[in-house]
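Everything on this sheet refers to the single structure shown next.
The values are calculated or read from the model by the stated rules, or taken from the named source; none is laboratory data. If you're wondering where the values come from, they're calculated on a predicted model, not measured in any experiment. Note: ideal-geometry Cβ built from the backbone for every residue, glycine included; neighbour counts use all protein chains shown.
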């Protein structure tokens, strides 16, 4: 006989439980099995719930299957439990003459437990009931639905841009090019099993020497960890093009593939199986339910609902699936059953794309209602700035993770996979994989762009098509759109598009096509927040047609019939060719959407820059944060492609007189413009740059929540870095000036250095209740007069040490430090080349104690003539650091640098909040001015 899975064993057990046969083999055996399974599933709530359901309804075949799937890997990992189960099954064998043994079997779906059975000589009259026809229909409908999901997810959507003739070729496969994405959360160090003091000291030594390099957790690893002890609730944040939606699509593809293979007999799968393609996911083949939130927000169900709820979601699912399958009610019924047993993976994609009320509130209410009513795991994606700007999007009890930029191995893995996929599908390529690797490795600006999955994909598209690359994101979008439109116009096997339109190529070119697409991008982005009835980035077919009518009117010479003919021809080309605007069907007819929101934003900006009075029109949108990326891309294109500086400069000047949010945007636009470029063109930027710096410093140093929350201050500080942060010295002359004007008034610094007078200070003994700690009382500590910097040393301040002889001049280093530097071959701090950590006004990180001491010695040498006699620059002692933070100008000791109250919040420090929200990198210095007692940094806790 063939091996029988656990499901079969549970069917025997179910028969005993349900049929009164316990008396024949003894209640003890059945109770022992149940007790064993209860112990085995004790730490896995989902499996525990499934066991309880099985005991309540032992005849339900689905209950047995679900329990088997959960118990199998637990048994495979627990030899003692497996042996105990074998003994219990032997007892059954003795009574029923079942000849066999329990063992672990491996197959494509993971570990299963089998029993090699012989002949069952004792007949059991209580057979499991025959299959339920209704359940069979539901499973058939679910299989058909899952296949439509697989079809929708397996094609790389942006891959459609790479060839106009893609319809005649095999599509690019997402699973062939996908690269695992990481969060910014570092993986905790594994505890040493020995626990020896020597090992602990060695680990401490590695940390002090900077040899300790933490690794980051992947997204699915974080999601799996969240789902271990309680149902996962995760909010995944990322910037534009950071890979949020692609991750959701890929995860859906793998889960749906695994489910189809395991439950529905499909055989199409990659080597090793679909679950092997997501190795960080540890919870099996759940049914993925991908909800694109902009579609949900624009549905009839949403229009009619008074509030968000689980019922609203079910109504939407029925409405949405009916567009694809006539068996939608059966599909929803099957999904509902799966939800009830924790077998669904909820994937809510694009919370940032739901804008305005009451839609946003209803969507958030629905997600919260689902979270409260199911044990299924839930993942929600959202852009960082949209999440930070809206309390409604900040879902309670959701773990917050932020996507990390792609690192060098990930970038090169993608490039290799991309060109391999182009070769597999026989695309023509002007570029080569080796040349793209070289470009990314040798051009810093391209390496920075390549950290974005979307921009890296764009780079691969443009490079394969043209053999070269631009060096700015706005230019990259333009090149990709231009390449697409050229191929679209000259699609092989079809007449030239302009010829089909019957227009003169000299009066209608790719530039006009781009202008039309830009107008549609602008209209789509305007509708994101136009009113309560239009919240999505998609356009109805009727709107697209009306816009095309308007755009073709000048080419129709007042002939409405000709105008409509041109609009119809163009709409057909958009719908049937491989264009920049993609068509899909919805409940209210045809709709059109751009393949990524960033395309829409670039095109909206391209349209705005073509308007007669750009600055005046842009001011209508600058107060809305979802327009900021549009305006940044617009200015990038104006400056770098058109060489147009005056209008961006004018817009920036106007914004400096508006709200703090718009002042930050002004600084970002000036950073794109560039001081030297502005000066060369005679714009006289000095006063404007100075004004921008002052505005940003005011936001950073005086801003407080709720008007200026911490994320806004951090954004202001990052912007200030691009304009030249004046809050700390960087050149020798600036250092000398700060030393010359150092304050002598304790607690009232007027410059970079804070004065602490000589005296005896209480140090240590901290605890609540007037700092009392009887076990470790404070001790008096005598200190001479000293000065301490207001901010930690920044990357900008550390850079001359790296660029100069800091790592080659032995005289700066302690003997042990030089030996360490030589053995480690260290020439810069860890993370020195990583964009996440190397921004100008971030505190330098990845430095060892040796490097910090060497830097202080180097800086002392640089400023020897400006230092007071007998003074040096060095690291503060623990006592010096504590006194500087704990005492106020009157010599009073405080619990916190700002006083005894209030307790720390986001105005005083940067820390992981109750929802797990974290920066994932050091904040720029000085963004928590309220938490300062003169000494300022981005305090992390």
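Given the structure, is residue 824 surrounded by fewer than 18 Cβ atoms within 10 Å (Cβ to Cβ), within 36 Å of the chain's Cα centre (by Cα) and either without any contact (Cβ under 8 Å) to a residue 24 or more places away in the chain or more than 26 Å from residue 732 (Cβ to Cβ) (or both)? So residue 824 fits the description; yes.
Between 623, 666, which is more than 30 Å from residue 325 (Cβ to Cβ) and in a helix (DSSP H, G or I)? It is 666.
Of the residues making up the stretch 890-903, those that are in a loop (DSSP other than H, G, I, E, B) and either outside the structural domain of residue 861 (by TED's automatic domain parsing) or closer than 18 Å to residue 781 by Cα (or both) are 890, 891, 892, 894, 895.
Among the conditions (1) under 30 Å from the mean Cα position of the chain (by Cα); (2) in a helix (DSSP H, G or I); (3) surrounded by fewer than 21 Cβ atoms within 10 Å (Cβ to Cβ), residue 337 misses just one, which is (1).
All told, residue 244 falls short of being surrounded by fewer than 23 Cβ atoms within 10 Å (Cβ to Cβ) and either under 30 Å from residue 141 (Cβ atoms) or at pLDDT 85 or above (or both). Screening 271, 330 for residues that are part of a helix (DSSP H, G or I) and either under 24 Å from residue 386 (Cα atoms) or assigned by TED's automatic domain parsing to the domain that holds residue 240 (or both) leaves exactly one candidate, 330.
Can you tell me which residue is surrounded by the fewest Cβ atoms within 10 Å (Cβ to Cβ) among those in the stretch 706-738 that are more than 21 Å from residue 922 (Cβ to Cβ) and touching a residue at least 40 places away in the same chain (Cβ under 8 Å)? By that ranking, first place goes to 707. Out of curiosity, is residue 427 in contact with a helix residue (DSSP H, G or I) (Cβ under 7 Å, 6 or more places away or on another chain) and under 30 Å from residue 363 (Cβ atoms)? Criteria not met by residue 427.
Within the option set 859, 875, being outside the structural domain of residue 714 (by TED's automatic domain parsing) and assigned to a loop (DSSP other than H, G, I, E, B) holds for one residue only, 875.
Every residue, every condition in (1) part of a helix (DSSP H, G or I); (2) surrounded by fewer than 17 Cβ atoms within 10 Å (Cβ to Cβ); (3) in contact (Cβ under 8 Å) with a residue 40 or more places away in the chain, yes or no:
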| position | (1), (2), (3) |
| --- | --- |
| 430 | no, yes, no |
| 434 | yes, yes, no |
| 437 | yes, yes, no |
| 441 | yes, yes, no |
| 456 | yes, no, yes |
| 463 | yes, no, no |
| 468 | no, yes, no |
| 474 | yes, no, yes |
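With respect to residue 397, determine if the residue is surrounded by fewer than 20 Cβ atoms within 10 Å (Cβ to Cβ), over 17 Å from residue 238 (Cα atoms) and touching a residue at least 60 places away in the same chain (Cβ under 8 Å). Taking the combined requirement at face value, the residue satisfies it. Tell me whether the stretch 504-524 contains one or more residues that are more than 25 Å from residue 455 (Cα to Cα), at pLDDT 90 or above, over 39 Å from the mean Cα position of the chain (by Cα) and crowded, with 16+ Cβ neighbours inside 10 Å. Checked against the condition, which is being more than 25 Å from residue 455 (Cα to Cα), at pLDDT 90 or above, over 39 Å from the mean Cα position of the chain (by Cα) and crowded, with 16+ Cβ neighbours inside 10 Å, the stretch 504-524 yields no hits at all.
Can you find even one residue in the stretch 343-353 that is surrounded by fewer than 16 Cβ atoms within 10 Å (Cβ to Cβ), touching a residue at least 24 places away in the same chain (Cβ under 8 Å), over 24 Å from the mean Cα position of the chain (by Cα) and assigned to a loop (DSSP other than H, G, I, E, B)? No, because not a single residue in the stretch 343-353 is surrounded by fewer than 16 Cβ atoms within 10 Å (Cβ to Cβ), touching a residue at least 24 places away in the same chain (Cβ under 8 Å), over 24 Å from the mean Cα position of the chain (by Cα) and assigned to a loop (DSSP other than H, G, I, E, B). Against the numbered list (1) under 25 Å from residue 693 (Cα atoms); (2) surrounded by fewer than 16 Cβ atoms within 10 Å (Cβ to Cβ); (3) under 43 Å from the mean Cα position of the chain (by Cα), residue 766 comes up short only at (1). For residue 803, the conditions (1) touching a helix residue (DSSP H, G or I) at 6+ places or on another chain (Cβ under 9 Å); (2) free of Cβ contacts under 8 Å to residues at least 40 places away in the same chain; (3) within 30 Å of residue 726 (Cβ to Cβ) are fulfilled apart from (1).
Looking only at the stretch 550-575, which residues are surrounded by fewer than 18 Cβ atoms within 10 Å (Cβ to Cβ) and under 44 Å from the mean Cα position of the chain (by Cα)? Answer for the stretch 550-575, where residues must be surrounded by fewer than 18 Cβ atoms within 10 Å (Cβ to Cβ) and under 44 Å from the mean Cα position of the chain (by Cα): 550, 553, 564, 568, 569, 572, 575.
One residue stands out among those in the stretch 806-821 that are touching a helix residue (DSSP H, G or I) at 6+ places or on another chain (Cβ under 6 Å) and not in a loop (DSSP other than H, G, I, E, B): the one that is farthest from residue 729 (Cα to Cα), which is 820.
Could you check, for the stretch 782-799, whether at least one of its residues is over 22 Å from residue 726 (Cα atoms), without any contact (Cβ under 8 Å) to a residue 40 or more places away in the chain and part of a strand (DSSP E or B)? Yes, the conditions are met somewhere in the stretch 782-799. The residue of the stretch 354-385 that is modelled with the lowest pLDDT, among those that are assigned to a helix (DSSP H, G or I) and under 22 Å from residue 709 (Cβ atoms), is 385. Every test in (1) closer than 26 Å to residue 175 by Cα; (2) within 24 Å of the chain's Cα centre (by Cα); (3) surrounded by fewer than 18 Cβ atoms within 10 Å (Cβ to Cβ) is passed by residue 272 save one, and that test is (2).
Based on this model, can you work out whether residue 676 counts as assigned to a helix (DSSP H, G or I), in the same structural domain as residue 709 (by TED's automatic domain parsing), under 29 Å from the mean Cα position of the chain (by Cα) and modelled with pLDDT under 95? No, not satisfied.
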